[in-house]
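Quick notes on the structure that follows.
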Amino acid sequence: MHAVPARGGHPPPMSARRLSNAQVAARLERLAALLEIDGANPFRVRAYRQAAETVAAHPEALADLRARGADLTELKGIGTDLAAALIALFDTGEIPALAEVTGRVPVGLLDVMRVPGVGPKRAATLWRELGVASLDDLERVARAGRVAALAGFGEKTQGKVLAGVAQVRRHRGRVGLGDAEAALAPLLAAVRAADGVERVEVAGSLRRGRATVGDVDLLAVAESPVAAMAALRGHSDVAEVLASGDTKTSVRLEGDLQVDLRVVPAGAFGAAWQYFTGSKAHNVVLRQRAIDRGLRLSEYGLFRGDEGGRDDPERGERVAGADEAGVYRALGLAWVPPELREDRGEVAAAAAGRLPRLLELADVRGDLHLHTTWSDGTASIRTMRAAGAARGYAYLAVTDHSQALRMTGGLDAAKLARQWAELDEVDAEDADRGGGEPLPTVLRGLEVDILKDGGLDLDDDWLARLDLVIVSVHGHLDLPQARQTERLLGALQHPEVNVLAHPTGRLLGGREGIAVDLDAVFEAAAAHGVAVECNASPHRLDLGDVELMRAAAAGCRVVVSTDAHAVAGLGDMRYGVTTARRAWLGPEQVVNAWPLDRVRSFLAKR
Ligand SMILES: [Zn+2]
Ligand SMILES: [Zn+2]
């Protein structure tokens, strides 16, 4: 295989391309945000936001509805004005109101608004009073101490703003694992369906299951690359074609994700897949191992000798390359699961035949953290249990919020008693049902807030009656490290506590975790028989892989839980499993991979 330089692509103009609903919704969102900064009528702002939601959730592409001449005002929340704006967008590629507001309000303020604590009102103040039009501007005026001097800001806010700017920069251009998968699915399907395409696989950090990905690498084997490249380039979710040639096409999607597609010969597919999966650090170790064996490893294959042109990457005898496992085998290694390829000792383990048996989705027997309509979930206990049954679970724990989270409808003792009356009914129905597939056992749990002083948000006698006590922090996230650590340690030593949920409180792309001495927390959790959670929501993935490794090394058990607030949320389990795999965890360390009786004795701390 010889690399061919990518040629400049010639995408059709935006207006001629069929916009996807996601693209339309993104423009409406942007319009709403800019109008909000501009101080527009709040009803107008809300109308655009609601329209964005309607469009995003509509099963059929609005562009097709428009092409058919359908009446767009029949959609919920789309009045005559909005319909006219959408028609203009489909016909000209532009929404007039958006063009008008971007002529007045700097688009860089959209980044400024992403800084935690800076909403539209503060962004508007920063812009009007200090001329802030971008993240760089904001950083400059904050460093100069000018933000603190603004009415309603102050020193403390200025410090938070500076930390927030750094955070937004770090996350810019990175997309969460779940969003990346969702964005990629239609493109992958389109390329797979293209003429003459034999195989398409995902490589890169998405295959390794990293919590966020910067870009997505696709590898294909195809009779001719032309159709595969065209399928990607021409897809309606593509916002911009960055480059397109015979062997590689790069596009940028709405929402900033970059996707690279390479077509490689079948005989080199395994080597290319290995190479483009990375990580770079893992590949450095493999290449050195090849050199030590008198071999040469590259994306083209594993070669011995130098016969052929010096500059030919395929010179010499090809030892391996068609399949990935063959490449590892020829290097004297067991195949390394992609989640482990981070240069954390996996090559030495593969050489010694000591790679761990990693957790698999099929090992998961239940979900120990979920919410129902009793607090802020959208589905009833019965609905969630049926959904758990459909996933083949043996047990589920209902763990609604405690009373401190008032806005979620959190449960005090009286409301908990009413929930248990319903759980009694559910159990009785099950006993009456007789035969048929058994439904998952429902454990009685609660997600109890850890109060500011480390106390728990429920009386001890009620805590003692629960099957499962999850503790977590949702407020006072900005305590200094010593106090935050003390707070968590206080909760962990309570004899009824079973699980510490989302221990750092991080939100990917949104909020850094709390300042806390995690090693002290892990040591206490292990000593008190408290499991730490790998929260599987792709917006959290908390603990993350590195922290999970530290927790496991400290002797902690782990629960992988979805924290589902709706039926669909139960499906996030796979992201938690991926994260646990990246932490080298197997079913023995993960409580919800155990049978119910073993789970019960762990919860009883016997
Ligand atoms: Zn929570
Ligand atoms: Zn929760």
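The values are calculated or read from the model by the stated rules, or taken from the named source; none is laboratory data. Computed from a prediction, not measured in an experiment: that's the story for all the values here. Cβ sites come from the backbone with ideal geometry, for glycine too, and all protein chains shown count toward neighbours.
In summary, residue 422 fulfils each of the numbered conditions (1) within 16 Å of ligand 2 (Cβ to nearest atom); (2) surrounded by fewer than 16 Cβ atoms within 10 Å (Cβ to Cβ); (3) within 17 Å of residue 384 (Cβ to Cβ) with the single exception of condition (1). For segment 571-587, which residues satisfy the criterion of being within 16 Å of ligand 1 (Cβ to nearest atom) and of a type outside the set (Asp, Glu)? Of everything in segment 571-587, just one residue is within 16 Å of ligand 1 (Cβ to nearest atom) and of a type outside the set (Asp, Glu), namely 576. When restricted to residues that are of a type in the set (S, T, N, Q) and either under 26 Å from residue 178 (Cα atoms) or in contact with a Phe, Trp or Tyr (Cβ under 7 Å, 6 or more places away or on another chain) (or both), segment 468-518 contains 2. Quick check on segment 506-517: of everything there that is of a type outside the set (Lys, Arg) and surrounded by fewer than 20 Cβ atoms within 10 Å (Cβ to Cβ), which residue is farthest from ligand 2 (Cβ to nearest atom)? Within segment 506-517, the match that is farthest from ligand 2 (Cβ to nearest atom) is 517.
Restricting attention to segment 337-359 and to residues that are in contact (Cβ under 8 Å) with a residue 24 or more places away in the chain and closer than 30 Å to residue 392 by Cα, the residue that is surrounded by the most Cβ atoms within 10 Å (Cβ to Cβ) turns out to be 359.
Among the residues of segment 476-496, write down those that are within 16 Å of ligand 2 (Cβ to nearest atom) and closer than 13 Å to residue 451 by Cβ.
491
When segment 521-556 is filtered for residues that are of a type outside the set (A, V, I, L, M), within 16 Å of ligand 1 (Cβ to nearest atom), over 21 Å from residue 360 (Cβ atoms) and surrounded by 22 or more Cβ atoms within 10 Å (Cβ to Cβ), the ones remaining, listed by number, are 540, 542.
Does residue 383 count as away from ligand 1 (no atom under 16 Å from the Cβ) and not in a helix (DSSP H, G or I)? Answer is no for this residue.
Set side by side, the residues 323, 312 differ, and just one is of a type in the set (Asp, Glu) and surrounded by fewer than 15 Cβ atoms within 10 Å (Cβ to Cβ), which is 312. With respect to the conditions (1) β-branched (Val, Ile, Thr); (2) over 16 Å from residue 565 (Cα atoms); (3) not in a helix (DSSP H, G or I), residue 485 falls short on a single one, namely (3).
Among the residues making up segment 386-415, those that are part of a loop (DSSP other than H, G, I, E, B) and more than 14 Å from ligand 2 (Cβ to nearest atom) are 391, 392, 393, 394, 403, 412.
Quick check: anything in segment 90-106 over 14 Å from residue 34 (Cα atoms) and aliphatic (A, V, I, L, M)?
no
In segment 360-380, the residues that are under 30 Å from residue 403 (Cβ atoms) and polar (S, T, N, Q) form Cβ pairs under 6 Å with partners that are modelled with pLDDT under 95 and within 16 Å of ligand 1 (Cβ to nearest atom), at six or more places apart or across chains, as follows: 375/408; 375/409; 375/410; 378/566.
Going through (1) of a type outside the set (A, V, I, L, M, F, W, C); (2) away from ligand 1 (no atom under 14 Å from the Cβ); (3) touching a Phe, Trp or Tyr at 6+ places or on another chain (Cβ under 9 Å) one by one, residue 437 falls short only on (3).
Scanning segment 72-107 for residues that are touching a helix residue (DSSP H, G or I) at 6+ places or on another chain (Cβ under 7 Å) and small (Gly, Ala, Ser), we see that the one that is nearest to residue 166 (Cα to Cα) is 97.
Hey, can you tell me all the residues within segment 179-204 that are of a type outside the set (A, V, I, L, M), touching a Leu at 6+ places or on another chain (Cβ under 9 Å) and more than 17 Å from residue 252 (Cβ to Cβ)? Result: 181, 199, 201. Here residue 378 meets each of (1) away from ligand 2 (no atom under 15 Å from the Cβ); (2) among the polar types (S, T, N, Q); (3) over 26 Å from residue 594 (Cβ atoms) with one exception, condition (1).
Any chance segment 131-143 includes a residue that's more than 23 Å from residue 251 (Cα to Cα), surrounded by fewer than 19 Cβ atoms within 10 Å (Cβ to Cβ) and among the aliphatic types (A, V, I, L, M)? Within segment 131-143, one or more residues are more than 23 Å from residue 251 (Cα to Cα), surrounded by fewer than 19 Cβ atoms within 10 Å (Cβ to Cβ) and among the aliphatic types (A, V, I, L, M). Entry remark, segment 198-232: residues being of a type outside the set (Asp, Glu), under 28 Å from residue 282 (Cβ atoms) and not in a loop (DSSP other than H, G, I, E, B) number 19 in total. Tally time: how many residues in segment 85-122 are of a type in the set (Lys, Arg) and within 26 Å of the chain's Cα centre (by Cα)? Here the count works out to 1.
Going through (1) under 33 Å from the mean Cα position of the chain (by Cα); (2) part of a strand (DSSP E or B) one by one, residue 303 falls short only on (1).
Can you tell me how many residues in segment 366-385 are surrounded by fewer than 21 Cβ atoms within 10 Å (Cβ to Cβ) and among the acidic types (Asp, Glu)?
Residues flagged as surrounded by fewer than 21 Cβ atoms within 10 Å (Cβ to Cβ) and among the acidic types (Asp, Glu) within segment 366-385 amount to 1.
Residues that are more than 19 Å from residue 207 (Cα to Cα), out of contact with any Phe, Trp or Tyr (no Cβ under 9 Å at 6 or more places or on another chain) and assigned to a strand (DSSP E or B) are absent from segment 279-290.
Could you list, in sequence order, all residues of segment 166-185 that are in a helix (DSSP H, G or I) and touching a residue at least 60 places away in the same chain (Cβ under 8 Å)?
Within segment 166-185, 167, 171, 177, 178, 179, 180, 183, 184 meet the criteria.
When segment 455-477 is filtered for residues that are surrounded by fewer than 18 Cβ atoms within 10 Å (Cβ to Cβ), away from ligand 1 (no atom under 15 Å from the Cβ) and in a loop (DSSP other than H, G, I, E, B), the ones remaining, listed by number, are 455, 459.
Checking the stated criteria, residue 397 turns out not to satisfy the condition of being away from ligand 1 (no atom under 16 Å from the Cβ) and either out of contact with any strand residue (DSSP E or B) (no Cβ under 9 Å at 6 or more places or on another chain) or under 19 Å from residue 426 (Cα atoms) (or both).
Taking the numbered list (1) out of contact with any strand residue (DSSP E or B) (no Cβ under 9 Å at 6 or more places or on another chain); (2) more than 15 Å from ligand 1 (Cβ to nearest atom) in turn, residue 509 passes all entries but (1).
What do you reckon, is residue 424 of a type outside the set (Gly, Ala, Ser) and part of a helix (DSSP H, G or I)? So residue 424 fits the description; yes. Residue check: is residue 442 under 32 Å from the mean Cα position of the chain (by Cα), more than 16 Å from ligand 1 (Cβ to nearest atom), buried (at least 19 other Cβ atoms within 10 Å of the Cβ) and not in a helix (DSSP H, G or I)? Judged against the criteria, residue 442 is a match.
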